[in-house]
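Notes to accompany the following structure.
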Amino acid sequence: MEMAARLPAFLPRIASIVLLGLALTATLTYAAGRNLNATPVPAATAAPKAVPLVVPDVRNQAFVFAKGALEDGGFAWRVDGSVHGYASNTVVSQSPAPGSKILDTGSPLVILTLRHTSGYAETGQAEDASPYAATAVRSAELASTLGPAAPATSTTAAATTRATTTQSTTTNAPVPKPATPAKKTTTPARWPQHRPAAFAVAGGHAEPLDEMPLPVRAQALRRWLEAHPRNTRSNVAHWLYQNEWIVAGAKLGWWRGAEALTTLVAVDQRTQQLWGVGAKSAMLAERALREVQSRSK
């Protein structure tokens, strides 16, 4: 009876506890619903910029060296005009201009105009186009000026991104440490840098010291030939290119050119045995060898 008499006094307290529990449950349910419905906005990432190709300056170079520089730089080439692509001819103009920055479209085309080089006969077969197809030439400067089209974003997404960015830049961000300066290292030259010329040629192209010396190139061609005994189009193109380089360099008085030509004659004779071609190149190399030996005395 006593308990029944005191029950009305507890009822207000019990009701208050029940109402407080219901309020907390509703708040947690609302917050969970907001978290589930929130759509995370991915962080915007900038696409990496492609490094443009820089057109090398091949003017006043012998054609055999000019086309090699263009091919090493990732370009295709074509000879225009009345003077054709013989190894000893000289480049007088090029398009695009030297130093132009070009998008890498595969093998951008560089057009060359040549002139005859006095004292050198046009021997062999003219090459007026690169051995692979050219691709379009597109200016990197023009592409950067126009710029890529900006992707469309909704107002809500942009606002959310700004809010996320503001929140991420708090005072708790770690302070970056100062960068440690890199140690300077000197890379030794791969090839001999002292290469006295056998003789001087007026207006001749100086030997590039970043290229292997002629005797080393001739010995490398000998080893390459033994590893490639089949007469294929690509093999013949490589062999002819190395022949032209060695003969042209020796005629310009490059270091130990006579030694390189002596090796080249043997290589071309071996090429005749393996491929059924090479006798004519061996004859041209022998003729160049006699010329170099006479001018070296």
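Just a few scattered comments:
- All conditions in (1) in contact with a strand residue (DSSP E or B) (Cβ under 9 Å, 6 or more places away or on another chain); (2) farther than 22 Å from Arg295 by Cβ hold for Gly249, with the sole exception of (2).
- Any hit, segment 222-237, residues being open to solvent by less than 10 Å² (accessible area, probe 1.4 Å), under 31 Å from the mean Cα position of the chain (by Cα) and under 24 Å from Glu71 (Cα atoms): yes
- One residue from Gln193, Gln219 being closer than 30 Å to Gly278 by Cβ and at pLDDT 90 or above: Gln219
- Qualifying residues in segment 240-286 (those that are open to solvent by 20 Å² or more (accessible area, probe 1.4 Å) and of a type in the set (Val, Ile, Thr)) - the one farthest from Ala62 (Cα to Cα): Val277
- Residue within segment 114-126 that is closer than 30 Å to His205 by Cβ, at pLDDT 90 or above and under 28 Å from the mean Cα position of the chain (by Cα) present: yes
- Number of residues in segment 68-87 that are touching a residue at least 12 places away in the same chain (Cβ under 8 Å) and out of contact with any Asp or Glu (no Cβ under 7 Å at 6 or more places or on another chain) equals 11.
- Tally of residues being open to solvent by 60 Å² or more (accessible area, probe 1.4 Å) and either touching a Pro at 6+ places or on another chain (Cβ under 6 Å) or among the acidic types (Asp, Glu) (or both) across segment 191-221: 1
- Strands (runs of 3 or more DSSP E) fully within segment 65-131 counting 2 or more residues that are over 30 Å from Arg295 (Cα atoms), of a type outside the set (S, T, N, Q) and open to solvent by 50 Å² or more (accessible area, probe 1.4 Å): 76-80
The values are calculated or read from the model by the stated rules, or taken from the named source; none is laboratory data. It should be emphasised that the depicted structure is a prediction, and the values quoted were computed from it without experimental measurement. Here Cβ is always computed from backbone atoms with ideal geometry, including for glycine, and neighbour counts include all displayed protein chains. For accessibility, only protein heavy atoms count, side chains too; no ligands or nucleic acids. Shrake-Rupley method; radii C 1.70, N 1.55, O 1.52, S 1.80 Å.
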